[in-house]
Amino acid sequence: MTCVECRCEMERRYVAIRERMGGGDILVENVPAWVCPQCGQREISGPVLVAIEALAEALAAEERMGGGRGSRPLRVAPVHA
Ligand SMILES: [Zn+2]
């Protein structure tokens, strides 16, 4: 995997993704991604992004049923994809 920005070799890392949602942000930890050690460019594969989207939607639905939790970011379990 080569960085699109600087052509550096990217590293496999687990990162935290912040996703904007109706009631606030969610923080998804341990997301597998390619990160460029040179410029910090991140590449996350399609299936992983889809999994995060699905997770955000499920959480939003749950929130509508169970009341809000304020604007505090919610930490969620690792995504397996
Ligand atoms: Zn780069």
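Laboratory data are not the source of any read-out in this text; all were calculated from the coordinates shown. Just so it is clear, the model here is predicted, and its values are computed rather than measured. Using ideal geometry, Cβ is built from the backbone for each residue, glycine included, and neighbour counts are taken over all protein chains shown.
The modelled label-to-label distance between residue 42 and residue 2, using points 7 Å beyond Cα along the C-beta direction, is 2.4 nm.
Amide H contacts of residue 38 (H built 1.01 Å from N, in plane; Pro and chain starts excluded): no residue 5 or more places away or on another chain comes under 5 Å.
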